[in-house]
Every structure is written in C-alpha cells, then in structure tokens.
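This report concerns only the one structure given below.
The values are calculated or read from the model by the stated rules, or taken from the named source; none is laboratory data. It should be emphasised that the depicted structure is a prediction, and the values quoted were computed from it without experimental measurement. Virtual Cβ from ideal backbone geometry, glycine too; neighbours counted across all protein chains shown.
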Amino acid sequence: MPKEFSVPRGMRDTEPQEMAKRVWIEGKIAEVLQRYGFKMMEPPPMEHLETLEAKSGPQIKNEIYWFSDKAGRNLGLRFDLTVGMARMIANRYDLAEPIKLCAVTDAWRYDEPQFGRYRHFRQWDAEIFGSADPLADAEAICVGMDILDSVGLKEYEVRINNRKLIESFLRKIGVDDQAQLEGTLIVIDKLSKLPPSDVKGEFEKVGLSGPQIDSISELCSLKGPPEEVLSELSNTLKDQSADVGQGELAKLSDILTSFGRKNRCVYDLSVVRGIGYYDGIVFEAYDKGGEDIGSIFGGGRYDKLCSIYGKQDKPATGVAGGIERLMISLERASLYPKLPEAAKVFVASATNDVLPRTWETVAKLRRAGIATDFDLKERSLERQLEYAHSMRIPYVIIIGRRELEKGIVRIRDMQDRKEKEIRIEDISKELS
C-alpha cells in the first residue's frame with residue numbers, strides 16, 4: 001500500500017476557495033497601506049539567531065523554528081516582521097524621516113497549534129520609524145482600523161493603554177525591582193483570561209503585598225471612552241497627574257477625535273502587550289463578535305529596538321495583524337463578497353476540426369482581460385460542458401463547424417442553461 005504523506009503539525013494546505021478569499025483580503029490591505037503612504041518591502045524569511053534573540057531574549061528559541069546550517073551558522077525563521085524592518089533601517093542615515101514601511105507576507109512560530117493560530121501564518125505589518133510623537137501612534141491605530149473597515153468588519157473595538165503610565169505607577173507603589181516589575185506586567189497581561197479568584201494569588205507569586213494588589217487592581221479596572229478614563233486617571237493618580245504616559249494618552253485622544261476614529265476606541269489600563277518590548281502607547285483590536293480568536297491586530301511603541309541593531313536611537317511604532325484571524329472574523333460575519341472560483345468563460349469545441357479556431361478565440365479573450373479556460377484533453381462536447389459545470393464557470397462559448405460558417409458562436413449561461421447566438425467579433429464585448 002502506498003505511503004500517505006502529510007503536512008507537518010501546525011501547517012496546512014490553502015485550497016483554491018480559501019486562497020481566493022485570502023488574495024481578496026490582502027489586496028484590500030495593500031490598498032489601505034498604500035493610501036497611507038507606507039512603502040512595501042519584505043525582510044528575508046530567516047535571520048541570524050542572534051538577531052532574533054536581541055529583540056526577545058535567548059528564550060525565544062523555544063518559540064521559533066531555528067537550526068544550524070551546513071556552515072554551522074545558527075539561523076531562525078522570522079516570527080514577525082518588525083525585527084527585519086528595524087534591523088534594515090537601524091544603520092541607514094540616508095532615509096528621510098519618518099520612514100514608513102509595510103509588508104504582507106509569511107511568518108513562523110513554534111506555538112501549540114489551536115483555533116486561529118498556526119505555526120505558519122500570514123501577517124500584515126506597518127511600521128513608522130523616526131517619530132516620537134503620539135501622532136505616529138495614531139497613524140498606526142488608524143491604518144489598522146481602516147483595514148478592518150475596508151473588508152467590511154464593523155463590530156470591533158480598539159483597546160489602548162500606555163506602558164509608561166503603567167510602569168511609572170508600579171514603581172511609585174514600590175514595584176521597582178526589574179524582575180518583579182516584569183512579573184507583575186505578565187500577570188496584568190493575563191487579567192482578562194484569569195478567573196477573578198486566581199488574580200490575587202498570581203500577584204502574590206511575584207511578591208506583591210495586599211495594598212499593592214488593591215492599587216493595581218483598581219487602576220487596571222479602568223476601561224471606557226478615552227475622556228472618561230482620562231478623568232478617572234486624574235482622580236486615581238492624584239499627584240501623578242503629570243505623568244508622561246497620561247499626557248500622551250490625552251494627546252492621542254485629541255488626535256483620534258480629529259481623525260474621526262475615537263468612537264471605536266476605548267482606553268483599557270489592563271492592556272500591556274509584549275513585556276520586554278513595548279515602552280509607550282500600546283493597543284489591541286478585538287472582534288466583538290468572537291473574542292476567542294484573540295486580537296485581530298495589535299501594536300504599539302518600541303523606541304529602544306533600533307538602538308539594539310545599530311548606532312541610531314530611533315523612535316518607532318507599528319501595527320500588525322494576522323490574516324487567518326481576520327478571515328475567521330469575516331467568515332463569521334458573512335462579509336465575503338462573491339469571489340470568482342475559476343475562469344469566467346470556457347471555450348468548448350463541438351468537433352476536433354474547429355480546434356484551431358477555439359484556441360484563437362481563447363487567446364483573443366485572454367488578451368482582452370477575460371479569464372478564459374478550455375479543454376486540454378480533446379474530450380467530447382458533452383464532457384467539456386460537464387467539466388465547465390463542475391468548475392462553476394458561468395459561461396461557455398460553443399464553437400462548431402456550422403456556427404463558424406455563419407460567422408457566429410453559441411454562448412450558454414450555465415446557470416439557467418439558456419443559449420444565444422452572437423457574432424464572433426462581438427464575443428469580447430458581450431462577455432465584458
């Protein structure tokens with residue numbers, strides 16, 4: 001019995017129907033990115049392992065695909081697109097700032113496969129280098145929102161916070177040891193997934209006292225419209241009202257109002273994202289119709305990353321989203337348009353002696369920009385029609401000897417099975 005071959009765990013085949021949806025989505029994404037002035041690029045699919053570790057630490061080896069090549073060099077498949085972009089521009093002094101780069105391509109992670117998460121996935125990414133102003137963060141948030149709008153998704157929410165504010169608050173209540181600070185942020189990042197009964201215990205594991213836990217819980221419970229949360233912050237922080245992070249959130253709120261985008265944004269003080277990575281405004285977008293797939297885009301400010309890869313200390317912010325998760329959201333909401341699954345027209349030969357005219361017609365239609373297919377097996381007319389029907393091709397042009405003598409062809413609508421005769425020279429016009 002022949003051996004059956006399968007794909008590696010966490011990988012999958014993308015079949016034509018799904019591929020058509022993905023191509024449509026990625027076309028919409030690329031159009032929005034271009035409209036915002038981002039320049040398309042692509043980092044290499046693999047980097048030196050030390051490049052990937054520089055961003056996320058040596059523990060990243062447990063989460064990615066990495067290997068030694070034949071020359072003994074340690075390499076790793078990219079797990080996101082930010083690293084490659086930051087490395088590329090870190091030592092570039094010839095680029096006018098701000099530098100706006102984007103990509104729509106593949107990435108790999110050695111995660112446990114689950115619903116909406118695969119080890120190989122598609123991702124869109126937009127990064128802005130060279131601006132420390134919250135205007136750049138607003139730009140990243142707005143491009144993400146416009147991408148969701150462009151594919152028809154309306155029931156979503158963008159949750160925004162500022163790591164500067166959270167970390168400043170933690171230090172002021174005595175969480176100033178770096179290991180304890182990072183441990184606390186990890187717990188905060190899990191708050192939405194933890195049962196309320198487990199929260200106190202998780203904070204106690206990192207050495208927090210009861211009053212500290214109460215203060216953190218009170219702050220992280222703040223969520224709502226930006227102006228309301230900012231007002232609550234002034235009362236909660238009191239003497240900390242001049243906090244830089246709070247000021248950046250206030251400016252961001254004004255910018256989002258001017259862009260007409262604040263209605264789908266909430267300030268959520270429990271959002272912290274990548275623990276050792278982000279250092280300013282952070283955000284995540286969720287499909288309100290199905291949060292179990294996780295965020296459908298996210299990002300934030302990372303002003304220290306470029307200095308790791310080069311001589312420049314270049315501020316940066318960005319946003320990225322998974323294509324597969326976005327596809328799940330669109331499927332749930334039945335938002336896909338009717339997409340072509342095959343050619344628009346099939347040219348069928350009634351007999352073999354008209355094959356040259358069939359091929360001429362196929363070439364003419366394709367040059368006119370009409371997706372056209374024909375039979376490659378010289379089958380009977382009946383079998384050709386069966387094939388066109390199985391491929392869901394909407395129209396069939398039938399070319400026969402008698403029709404050619406009259407300078408016409410028959411065109412059949414495969415849905416209602418009705419036929420009509422048209423002049424050969426009018427074929428392209430009729431199909432268009």
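One residue stands out among those in the range 115-135 that are within 10 Å of the chain's Cα centre (by Cα) and not hydrophobic (A, V, I, L, M, F, W, C): the one that is nearest to Ala316 (Cα to Cα), which is Asp125.
Scanning the range 207-225 for residues that are surrounded by 14 or more Cβ atoms within 10 Å (Cβ to Cβ), touching an Asp or Glu at 6+ places or on another chain (Cβ under 9 Å) and farther than 10 Å from Leu269 by Cα yields one hit, Ile213. Would you say Ser215 is polar (S, T, N, Q), part of a loop (DSSP other than H, G, I, E, B) and within 18 Å of Ile186 (Cα to Cα)? Taking the combined requirement at face value, the residue does not satisfy it.
For the range 162-186, filtering for residues that are closer than 20 Å to Lys205 by Cβ and either touching a Ser or Thr at 6+ places or on another chain (Cβ under 7 Å) or among the aliphatic types (A, V, I, L, M) (or both) leaves 8. The condition (being farther than 13 Å from Asp137 by Cβ and not assigned by TED's automatic domain parsing to the domain that holds Thr184) is satisfied by just one residue among Leu269, Leu305, Leu230: Leu305.
Being assigned to a helix (DSSP H, G or I), under 18 Å from Lys344 (Cα atoms) and modelled with pLDDT under 90 holds for only one residue in Glu386, Glu430, and it is Glu430.
Scanning the range 364-373 for residues that are of a type outside the set (Lys, Arg) and surrounded by 13 or more Cβ atoms within 10 Å (Cβ to Cβ), we see that the one that is farthest from Gln384 (Cα to Cα) is Ala368. Scanning the range 226-246 for residues that are exposed (fewer than 14 other Cβ atoms within 10 Å of the Cβ) and not in a helix (DSSP H, G or I) returns Ser241, Ala242.
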